[in-house]
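S.K.: Below is the structure I would like to discuss, written out as structure tokens.
The values are calculated or read from the model by the stated rules, or taken from the named source; none is laboratory data. Computed from a prediction, not measured in an experiment: that's the story for all the values here. Here the Cβ is made from the backbone with ideal geometry for all residues, glycine too, and neighbour counts use every protein chain on show. With ligands, DNA and RNA removed, areas are computed over all heavy atoms of the protein, side chains included. Shrake-Rupley method; radii C 1.70, N 1.55, O 1.52, S 1.80 Å.
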Amino acid sequence: MSAGMSLKITTLNLNGIRAAARKGFFDWFARERPDVLCVQETKAQRAQLDGNALFFPEGYHAFFHDAEQRGYSGVALYARQEPDEVRTGLGWPEIDREGRWLEARFGKLSVVSFYMPSGTSGAQRQDFKYTFMEPLLDHLKSLCEAGREYIICGDWNIAHKPIDLKNWRSNQKNSGFLPEERAWLDRLFDEAGFVDAFRLVNLEAEQYTWWSFRGQAWDNNTGWRIDYHMITPGLRERVRGAEIYTAERFSDHAPLTLAYDWELQAG
DNA sequence: CGTAATACG
């Protein structure tokens, strides 16, 4: 019987870390104080943030994996405890130059900030997404089998089931809810063994994490659940609370926080 | 419609 500590982890696609900061995101972060914060779409280079204390909050170690292209993509991770090791990228140049993967290792637990390519801008980017998904599934399988526990947080850019978006009927031919993408998530769960930690503890409808800026999507709650904590099966029994924070709006996504019954090992 | 640079989501 282990009465472990609670580990609180938040993920959020910021749609620009500087814009999110102007909207008060770092005030929320300071109030909420998760143990680990995973963010995506920083849309900034490290050099554009250096020297601004806002982006380096007291009590946190900050790590960045920027895209080569200015103002584009990029992920980051903030941790109260210093990780034993940080790995940026997957070792795949096509993906790594877009800054989409950052892993922090704490003992036998890894926390990843991940940003799946979007296919919404056209066929070329959808092909890029599919071309990446194929080897990624094998890679995720190997992670699941490696004897470590993983919490892969981020914007996966795929809604899994009709319950995960408002207008599922009209979106079946749109990127993010294509049958092939949904089947890939099925394989992530059924073959690789990953678990959608939020869905494990919350079975309600209309639990969205993204709303288009266009029209009145936010006001009408016309959303999609495309941000996830994907966890290895060993963590299944350790998921405690789950919350999507919508009281304030820092970007087109909402912060997704889960608590785990887990104590980080001292480095 | 929004971020951040003239593309991408």
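S.K.: So which cysteines in chain A don't have a second cysteine's C-beta under 4.7 Å from them?
M.R.: Within chain A, the cysteines lacking a partner Cβ under 4.7 Å are A:Cys144.
S.K.: Something else about it: Using just the helices of chain A, give the 222 nm mean residue ellipticity in deg cm²/dmol: DSSP H runs with n ≥ 4 each add -39,500 (n - 2.57), and the total is spread over all residues, rounded to 500.
M.R.: Details: 7 runs with 61 residues, N = 267.
Calculated at 222 nm, the ellipticity per residue is -6500 deg cm²/dmol.
S.K.: Oh, and also: Among A:Arg97, A:Arg214, A:Arg46, which one moves the most in a GNM of chain A with springs linking Cα atoms closer than 10 Å?
M.R.: A:Arg214
S.K.: I want the antiparallel fraction of DSSP beta bridges within segment A:70-161, as a percent rounded to 5.
M.R.: Working: 10 of 17 bridges.
So the antiparallel bridges in segment A:70-161 amount to around 60 percent.
S.K.: Assuming a ≥ b ≥ c are the square roots of the Cα gyration tensor eigenvalues, decide whether segment A:7-260 counts as rounded (a/c under 1.5), prolate (otherwise, with a/b larger than b/c) or oblate.
M.R.: Numbers: a/c = 1.24, a/b = 1.12, b/c = 1.11.
Verdict is rounded for segment A:7-260.
S.K.: Another question, if that's okay. Starting with the highest mean, order A:191-200, A:130-139, A:62-71 by the number of other Cβ atoms within 10 Å, averaged over the residues of each peptide. Display every interim value, and only then the final one.
M.R.: Values: A:191-200: 19.6, A:130-139: 14.9, A:62-71: 17.3.
Descending mean neighbour count gives A:191-200, A:62-71, A:130-139.
S.K.: Moving on. Find the all-direction average of the projected area of the Cα convex hull for segment A:24-148, expressing the result in square nanometres with one decimal place.
M.R.: On the way: hull surface 34.1 nm².
Approximately 8.5 nm², given one-decimal rounding.
S.K.: Top mean-square fluctuation among A:Glu41, A:Glu181, A:Glu94, Gaussian network model of chain A, C-alpha springs under 10 Å?
M.R.: Of the options given, A:Glu94 has the highest mean-square fluctuation.
S.K.: Write down the accessible area per residue of chain A in Å², having rolled a 1.4 Å probe over the full set of protein chains. Show your work: numbers first, answer last.
M.R.: Numbers: 11950 Å² over 267 residues.
Accessible area per residue: 45 Å².
S.K.: Of all the accessible heavy-atom surface of chain A, with the other protein chains kept in place and a 1.4 Å probe, what percent is carbon and sulfur? Numbers along the way, then the final one.
M.R.: Details: 5480 of 11950 Å².
About 46 percent, which is the carbon plus sulfur part of the accessible surface.
S.K.: Something else about it: Of all DSSP beta bridges located in chain A, what percent are antiparallel, nearest 5? Kindly include the intermediate steps, with their values, before the conclusion.
M.R.: On the way: 41 of 53 bridges.
Taking every DSSP beta bridge within chain A, about 75 percent pair in antiparallel fashion.
S.K.: Still on this structure, please answer the following. Of the residues A:Gly74, A:Gly154, A:Gly223, which exhibits the maximal mean-square fluctuation in a Gaussian network model of chain A defined by a 10 Å Cα contact cut-off?
M.R.: Largest GNM mean-square fluctuation: A:Gly223.
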